Structure formats: structure tokens, C-alpha cells
Amino acid sequence: MIINQWVPAAHAGDAVGDNARQLRALFRRLGHTSDLFALTIDDALEDDVRRWSWAESRDADVTILHFAMPSPLSAAFATLPGARVLCYHNVTPPHFFAPFDRGIAALTVRGRRELASLAGRVDLALGVSDYNRRELEAMGFEPTGILPLLVDTARLRAAPPVPPLERMLQDGLANILFVGRIAPNKKIEDHIRMAEVYKRYVDVQYRFLFVGRTDAVPAYYAGVRALLRELDMPPDRFWFTGPATDAELAAYYRNAHAYVSLSEHEGFCVPLVEAMAMDVPVLAYGAAAVPETLGGAGICFTPKDLEVAAELLGALVYDHGLRERVLEGQRARLRAFSRETLEARIVGALAPVGLA
């Protein structure tokens, strides 16, 4: 059987594309012919990903469209003669972006409309989480299911040390980590406000690390920096690193005392799994798919009370008994993300279109 996948863009280090490449490897191991096609391809991936414009991209028994943004792929996908499988990675609601970038807000509106237009035109609609699946169901898609993400944590566990960076991180400060692009739904401003409470009432020996792109929504990032100045927070205690290599990212995880997520919209949240795999205790606001991904592990709290969050963070860093109990729970949760477990679930999810 020929199983092809379509992604709008193939970027090195992008969660959607990385997952698609791992799915391709699984399909090939199962004896199927499988390729990955994209509209735009990073130079580093030119030999690994094929051009969507090539005719053979339409010549498959099963085509999986990974949907996270609007693109010409959607209209073409709806007309394919073979089995059509939608894999929904979620589209962030526009209200998060509207105050900062009307163009991005308009893009997300178009993305959600484009997604809805595919209802009734696919053979199987899968979300990467049940949170996403429920959204598809509400739009009228059927049948629906879950196609779990294959999160590659081995690349972090096997990453070599980065001695200069690790020496900087091992200076006695508590490293509080966040991984992801600096975008409005991630609520980085709440990290800053929580840090101000933490500094006043919990501890002054802290450092907040934000590892990820800062150029996704420039006006929002500028607002975050302005808030730091407004609250008179010491700039050397807030690192905005930009993108990181796998080795650098692993170093940040290895030297983190806690991982914090205050995001208000996540379709899955890969860094939560990475943090658990790297034995970093997680403190997360329980929004969208976050409670589902944690599955009872870490400390997941609601409502969003930043004073309570600061106290919980201090306990995670300094209460060794609590910290160890949280880590034990996270290690147990990781069994749900083992390669064997996830591959069996993927085969089961795709069984309706003939995968075996």
C-alpha cells in the first residue's frame, strides 16, 4: 500500500514535520511505500522531503494531511481519489493574536474556516489529542479518532553536553524553564508576573529561561520586554535564547529545576513530554489539552492564580520530598509515550483505512 503524507511546510525542528517523518519511518517498517510531501522545504531537508507539486504526491492509496494552517493543500486533498485522512494539530484561536498582529489573526480565522470546509470530505478525521478530536467532532467530522504524536525524546537523552552553556547554568540559581515560541497563547506575561511574586515571597535565587523563537509575533515579544522593564525585573534573570540545537535544548532541560507552562491554548504540548522524559518536574496551568497530555502527572492547577503558582513552584524547587513524588508520577506517565505503545495506537487509529 502507498501511504503519503502532506504538510504545508517542512522545517527542521518543527513538531508537525518531525512527527510526519517518524510516521513515514513506521509505515516503511510495516512494509508500505511512504513519502512525505511539502509546499516549502528547508534546505537541510531537501534530500528527505519531496515537493508537493510533483504528480506522485497525488498517487497514493492513503493520503494523510497534517493540518495546522491554511494552505492550497486543503482544496487538493478534498479531491483525491484514494482514502483521505485528516490529522489535526490544532489552530490557535484568533483572539490571542488580534491585539498584536491582525495578519496572523486573519490567518488563523482562515485556517479554522478552511478546516471546517473539509467536514464530510474526508474518510477519517484524527486529532493528535482527544481535545483536538472533540473539536473536529463539533465541526461535523466523522468518523473521528486520535493519532498520537511520536515525540522523539531519545534525541535529547542522547545529546552530548555543551560545557560552556552548562557552566553558566550551574551558578547556584534555580533555573525555571519554558520551551516554545514566544506567542500570545503561551502567556509569557504571566510567567513574568509570577516571577515578580516569586521574587518577593519565595526566593531571589532564580533564573527564567525561555527557549524558542522570539520573532513569531514581534509586537507581543516587545510587550513582554516592556513588562519586564515596567516591573523593574533584573534582565539578566530572564533569558530569551531564541531557537536552540538539540544539544543546547538538552542542556537546558538537564539543568532545569522546574518546567513551567502557563499557556492558555495547546493542542498537545510536546515540551511537557520532553520535560518528563528529562526528569524535570512540571508545573502547568490546566488549559486545553495540557491536562490530557500530563495524564495526572506533574502539578496541574486551575484556576490561574499566580500567587498560588509561585508557591507551588517554590515547593517543586525546594521541597525534595514533593519533587521526588512528582518525578515518580511523571516517570510512570511516560510509559504511555513509549514507542511500542504509541505505534500500536497509530496502527489501530489507521485501521479503518487499511493500515496493518
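The figures follow:
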| read-out | value |
| --- | --- |
| Tally of residues being within 20 Å of residue 15 (Cβ to Cβ) and surrounded by fewer than 13 Cβ atoms within 10 Å (Cβ to Cβ) across the range 47-73 | 0 |
| Near pairs, Cβ below 6 angstrom, 6+ apart or cross-chain, from the range 46-61 (among the small types (Gly, Ala, Ser)) to any residue that is in a loop (DSSP other than H, G, I, E, B) | 60/82 |
| Members of the range 141-191 found to be among the aromatic types (Phe, Trp, Tyr) and not assigned by TED's automatic domain parsing to the domain that holds residue 67, listed by number | 178 |
| Residue match in the range 12-33 (condition: within 27 Å of residue 269 (Cα to Cα) and of a type in the set (Ser, Thr, Tyr)) | no |
| Every residue from the range 303-337 that is without any contact (Cβ under 8 Å) to a residue 24 or more places away in the chain and either outside any helix (DSSP H, G or I) or closer than 18 Å to residue 278 by Cα (or both) | 303, 305, 319, 320, 322, 324, 325, 328, 335 |
| Top-ranked residue of the range 1-15 - restricted to ones that are in contact with a strand residue (DSSP E or B) (Cβ under 9 Å, 6 or more places away or on another chain) and surrounded by fewer than 23 Cβ atoms within 10 Å (Cβ to Cβ), ranked as farthest from residue 248 (Cα to Cα) | 1 |
| Residue satisfying condition, being over 20 Å from residue 121 (Cα atoms) and of a type in the set (S, T, N, Q), within set 22, 5 | 22 |
| Subset of the range 209-223 [β-branched (Val, Ile, Thr) and either part of a helix (DSSP H, G or I) or touching a Leu at 6+ places or on another chain (Cβ under 7 Å) (or both)] | 211 |
| Filter result for the condition that a residue is in a loop (DSSP other than H, G, I, E, B), buried (at least 20 other Cβ atoms within 10 Å of the Cβ) and out of contact with any His (no Cβ under 7 Å at 6 or more places or on another chain), over 297, 287 | 297 |
| Conditions (1) in contact with a Gly (Cβ under 7 Å, 6 or more places away or on another chain); (2) closer than 26 Å to residue 222 by Cβ: number failed by residue 102 | (1) |
| Complete set of residues in the range 70-102 that are in a loop (DSSP other than H, G, I, E, B) and under 19 Å from residue 20 (Cβ atoms) | 70, 71, 72, 80, 82, 89, 90, 91 |
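Here is a yes/no grid of residues against (1) over 24 Å from residue 346 (Cβ atoms); (2) assigned to a loop (DSSP other than H, G, I, E, B); (3) at pLDDT below 95; (4) within 21 Å of the chain's Cα centre (by Cα):
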site: 26; (1), (2), (3), (4): no, no, no, yes
site: 31; (1), (2), (3), (4): no, yes, no, no
site: 38; (1), (2), (3), (4): no, no, no, yes
site: 47; (1), (2), (3), (4): yes, yes, yes, no
site: 64; (1), (2), (3), (4): no, no, no, yes
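So that you can scan it fast, the table gives a plain yes or no per residue for (1) modelled with pLDDT under 95; (2) under 22 Å from the mean Cα position of the chain (by Cα); (3) in the same structural domain as residue 226 (by TED's automatic domain parsing):
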{"site": "18", "(1), (2), (3)": "yes, yes, no"}
{"site": "34", "(1), (2), (3)": "no, no, no"}
{"site": "54", "(1), (2), (3)": "yes, no, no"}
{"site": "68", "(1), (2), (3)": "yes, yes, no"}
{"site": "82", "(1), (2), (3)": "no, no, no"}
{"site": "95", "(1), (2), (3)": "no, yes, no"}
{"site": "98", "(1), (2), (3)": "no, yes, no"}
{"site": "102", "(1), (2), (3)": "no, no, no"}
{"site": "105", "(1), (2), (3)": "no, yes, no"}
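The values are calculated or read from the model by the stated rules, or taken from the named source; none is laboratory data. Since the model is a prediction, treat every value here as computed from it, not as a measurement. Cβ sites come from the backbone with ideal geometry, for glycine too, and all protein chains shown count toward neighbours.
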